[in-house]
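Worksheet for the structure shown next.
A short reminder: the numbers here are calculations on the coordinates, not readings from a lab. Everything numeric in this text was worked out from a predicted model, so none of it was measured. Neighbour counts run over all protein chains shown; Cβ positions are idealised from the backbone, glycine included.
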Amino acid sequence: MYLSNLKLWNFRKFGTNSPVDLEKPNLDLNFTTGINVLIGENDSGKSAIIDSIKLTLKTHSYEWFRLDWDDFYDGSDRLRIELRFDNLSDEEAKNFTEWLGWIGKGDEAKPFLRLIYDASRNLDDKYIYPSEVRAGVDESGYQLTAEAREYLKTTYLKPLRDAKSELIPRKNSRLTQILQGHDAFKGKGEDHRLVSLFRDFNEEVKNYFIGKNKEGEDLEGEDLKGCELKKEIDRFIEAFYEANKESNFGVLGNNLKNILEKLELSIKDELNPGLGTLNRLFMASELLHLQKKNWSGLRLGLIEELEAHLHPQAQMQIIEALQNEENIQLILTTHSPNLASKLKLENLIICNDNNAFPMGAAYTKLESDNYKFLEKFLDTTKANLFFAKGVILVEGWAEEILIPSIAKAIGINLTEKGISIVNIGNTGFDHYSKIYLRKEEPYMKIPVAVITDSDIRDYEKDGDDFVKRDDTTVQVETQGAIDANNAKSEQSIKYYTAKNWTLEYSLFKSTSLTSILQSVCKTIHSGTDWDTDFEKALATKLINKVLKKTEIAYQIANKLDEDLSKPAEDRTINIDSEDEKDSIFYLIQAIRYAARN
């Protein structure tokens, strides 16, 4: 069985101040078998989703989770969590017979299990009424037995886990709890082989301190030091206590739990392991619960911030291994673009605007070729789009370099706004923009601005020369390109097309930046005759694809940044963000949209 659906009403950020309407959950999220990874900007609800699950289910570590005042949506007096489990085998279903629901009829009917956690509070008295997890198909469900709940335990790894302290030998250590729950030790008593081994060991220790070997023969030389030490202690014990009392050396291990509390887990031949190694070792031991044999209960792991203490290569190695695990379900959270780039897009769930959006084919407008493309080309750099408050998609390096400086010049800091500029390196925007398009409501609200050239040339080649095209024809074709791109705008995706040929041509036509563009071009392409006809020279280089676009953008960006660092009265560059006639206005519009300005 697996956790197929989570519904939340008024839990943390997922709520309203309206009464609970069971037909309208504030979050209705489907999970898939295998791996599910919650991603998104900070405070987007990833941890709230994990916490709602572990609050409803027990954990193998027997951690105590209780409902807090702040778990209720602000101002609400009731919250509700529903978990649904599907694909129950006969062995699993028999543990929950009296609580099961059924889908289908006759021989085709399949069971499902729904858990309900419904809690209320008194806003006046600041009191949370006692509540319990129930199960069933009706609104309130029925109380689960303790035995049934045992089959619904989950494995939970908290964020910023202290793997070192969890793995060292100590009373009630996490490692002890893990081992006690494994078939190798669970239910075993004094007849376990480890107990007899410790008895034998303690007998050896006892003999050493009385000066005997295991055959009962007297020790000699240095081996008698232990006996001498014991006699000194016994002398004081007789003086402090009674004449017939003596000390007894040994390793405490009179039962299996005592013995397990002395075991240490480490990597063989790994000296002084760092936090990253210990974290991987700790995860490996925790996941033992999900691989138990002869277990007819839930195999669900919850891992927050998988990347904690792990370098990028280790992160990707682990996520690749987890994706290959069978018969277990994992729900993870991450802030790591490295992990996001390594995962299959179908395994991602984007948290945004008090909602969560699975990226499976059943939910997005991505087609099979889009998934295949993104699996190869959604690298770490581009994967930062999953954690952004707004996204700007651009064709190349020139736009990526220049747009942040233009944004600062009009008073918008893209970094502070949480805006990601994603350079896709071509004009295949559909592969990326469709990530944000949903087949059904609710739609994603992350603003995605697509900046693209019109690619309608103002010049054309005539023999060995380049001649200017008819202005009317160029305008008509340009408007056609703009209209075609505007038609692609959908939901939160908006296209912003240059009204001139390219970015560089728009800079040349710009009332605010033309002089800078011309100055930079003359510096970089110093061997070109720019003075006779600058526009024609620029067009010639664009058509021949010899214009150094990246370097030009870099120098213009530097000049903008340098000018902005001066006192206001000394600045010489003025970009009028309200001037719709400026040919770079499409860039300003895109920046504003992505930044919600």
Pairs over 27 Å Cα to Cα, from K58/K439; K54/K365; K186/K262; K293/K372; K408/K522; K365/K445, come to K58/K439; K54/K365; K293/K372
Computed over the chain: longest principal axis from alpha-carbon atoms vs helix 193-209 long axis, angle to nearest 10 degrees, is 60 degrees
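Classify the stretch 44-164 from the C-alpha gyration tensor, please: rounded if a/c falls under 1.5, else prolate or oblate depending on whether a/b exceeds b/c.
On the way: a/c = 2.14, a/b = 1.39, b/c = 1.54.
Oblate, because a/c is 1.5 or more while a/b does not exceed b/c.
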For the stretch 202-265, whose charge dipole is built from +1 on Lys and Arg Cβ atoms and -1 on Asp and Glu Cβ atoms, the candidate among I237, L256, N213 with its Cα farthest towards the positive end is L256
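Answer rounded, prolate or oblate for the stretch 388-594, using the Cα gyration tensor with square roots of eigenvalues a ≥ b ≥ c: rounded when a/c is under 1.5, else prolate when a/b is larger than b/c, else oblate. Could the numbers behind the result be given before it?
Values: a/c = 2.03, a/b = 1.25, b/c = 1.63.
Here the stretch 388-594 falls in the oblate category.
Given a cut-off of under 8 Å on Cα pairs at least six residues apart, what relative contact order in percent is computed for the chain?
Numbers: 1017 pairs, mean separation 78.9, N = 597.
Computed value for the chain: 13 percent relative contact order.
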With Cα coordinates, the longest principal axis of the chain makes an angle with the long axis of helix 471-486, in degrees rounded to 10, of 20 degrees
Farthest towards the positive end of the dipole of the chain, among S173, A484, L152 and with Cβ unit charges of +1 on Lys and Arg and -1 on Asp and Glu, lies the Cα of L152
Taking every DSSP bridge whose two residues both lie in the chain, the antiparallel percent to the nearest 5 is 60 percent
Counting only residues 5 or more apart in sequence or on a different chain, those whose built amide H sits under 5 Å from that of L157 are L302, I303, E304
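Counting Lys and Arg as +1 and Asp and Glu as -1, each charge on the Cβ, what is the dipole of the stretch 388-594 about the Cα centre in debye, to the nearest 20? Kindly include the intermediate steps, with their values, before the conclusion.
Working: 26 positive and 35 negative charges, 156 e Å.
Result for the stretch 388-594 is approximately 740 debye, rounded to the nearest 20.
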Ranking F585, A388, I543 by how far each Cα lies towards the positive end of the charge dipole of the stretch 388-594 (+1 on Lys and Arg Cβ, -1 on Asp and Glu Cβ), the top one is A388
Measuring from the longest principal axis of the C-alpha atoms of the chain, the long axis of helix 46-56 (C-alpha) lies at a number of degrees, nearest 10, equal to 30 degrees
Output ordering of 482-489, 150-157 (per-residue mean of other Cβ within 10 Å, highest first) is 150-157, 482-489
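Add +1 for every Lys or Arg and -1 for every Asp or Glu among the other residues with Cβ under 15 Å from the Cβ of N597, and state the total.
In short, +4.
So if I place +1 on the C-beta of Lys and Arg and -1 on the C-beta of Asp and Glu, and nothing else carries charge, what would the dipole magnitude of the stretch 58-205 be about its Cα centre? I want it in debye, nearest 20.
On the way: 24 positive and 30 negative charges, 86 e Å.
In debye, rounded to 20, the stretch 58-205 gives about 420.
Dipole size in debye (nearest 20) for the chain around its Cα centre, Lys and Arg Cβ +1, Asp and Glu Cβ -1?
680 debye
Per-residue ellipticity at 222 nm for the chain, helices alone: DSSP H runs ≥ 4 residues times -39500 (n - 2.57), over residue total, nearest 500 deg cm²/dmol? If you can, show how the numbers build up before the last one.
Working: 21 runs with 201 residues, N = 597.
Result for the chain, helices only: -9500 deg cm²/dmol.
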Read-out semi-axes √(5λ) of the Cα gyration tensor in Å, candidates (1) 71, 24, 22; (2) 64, 34, 22; (3) 37, 28, 24; calculated match is (2)
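Out of the DSSP beta bridges found with both residues in the stretch 388-594, what percent are antiparallel (nearest 5)?
Details: 5 of 18 bridges.
Percentage antiparallel, nearest 5: 30.
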